[in-house]
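Heads up, the thing below is written out as structure tokens.
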Amino acid sequence: MKTMKILLLEDNENLSEIIVEMLEEKNYKVDTFCDGEEAYNNIINGYDCFVLDINVPNIDGLTILKTIRECQKDVPIIIITSNIELETVKKAYEKGCNDFLKKPFYIYELETKIDQLCKKNNIFNLKEGFYFDINLETLFNKKNKLVKLTHKETLFLIFSLKYANSPLSLEAIEQYVWEGEISSLMSIRQMIKRLRSKLPKNTIETTSCGYILHAID
């Protein structure tokens, strides 16, 4: 089963360490940031959930929330903040957060919210009745039969479904699918060609700088 990957933006070092310890005990992979600009520059790295403080240096959590929602409408986002002004809460939900926690909070509250949100939306529907189960890392055709995938084909589907119907650059695909190893344009194209043969026609579209995977809303 795929390890769920979480981005945590929190500039309180002690709280950040406590959250990371809790999440890693549950086998989540956590990338932590205390600076909003650094977090902003990493939001496209294939996260399954975002936990964002609002009042952080350089770029605030609400701005990052808005940017995430422009390309990822389904990924869970939890806002944590000591600001409980009604207008702030309203803005967070208007910009697309899934949940809101006021500091101080019990760690189990955040743990429960992450567990519940990450269990949702694990089935992604594709064209012609095909669907991908992200927990099982398995593709099924319209007859509910398993479609065999290579490891890299599976990683591409997991990554591209996080940004379904939005363009992904070749650089982003290389970083996630090749897991940090250097690849080539030819290797990416060959992997896409093989995967296209296993999916309904026009599921993967070529763009000027990469690819778009079309999922059903």
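The values are calculated or read from the model by the stated rules, or taken from the named source; none is laboratory data. Values in this document were obtained by computation on a predicted structure and should not be read as measured data. Note that each Cβ is placed from the backbone with ideal geometry, even for glycine, and that neighbours are counted across all protein chains shown.
The table that follows gives values for the structure above.
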quantity	calculated
Residues (at pLDDT below 95, loosely packed, with under 10 Cβ neighbours inside 10 Å and in a loop (DSSP other than H, G, I, E, B)) located in the stretch 170-201	Gly180, Glu181, Ile182, Lys201
Scan of the stretch 122-159 for residues that are closer than 26 Å to Arg69 by Cβ, touching a residue at least 24 places away in the same chain (Cβ under 8 Å) and aliphatic (A, V, I, L, M), ordered by number	Leu126, Ile134, Leu155, Leu157, Ile158
Residue list for the stretch 52-92, filter: in a strand (DSSP E or B) and in contact (Cβ under 8 Å) with a residue 40 or more places away in the chain	Leu52, Asp53, Ile80
Residue count, the stretch 143-166 (criterion: basic (Lys, Arg) and at pLDDT 90 or above)	3
Output for the stretch 136-164, where each listed residue is in contact with a Leu (Cβ under 6 Å, 6 or more places away or on another chain) and either outside the structural domain of Glu179 (by TED's automatic domain parsing) or of a type in the set (D, E, K, R) (or both)	Glu153
Matching residues in the stretch 25-75 - criterion: being closer than 20 Å to Gly180 by Cβ and of a type in the set (D, E, K, R)	Lys29, Asp31, Glu38, Asp48
Flag for Lys162 being buried (at least 16 other Cβ atoms within 10 Å of the Cβ), farther than 20 Å from Arg69 by Cα, touching a residue at least 12 places away in the same chain (Cβ under 8 Å) and charged (D, E, K, R)	no
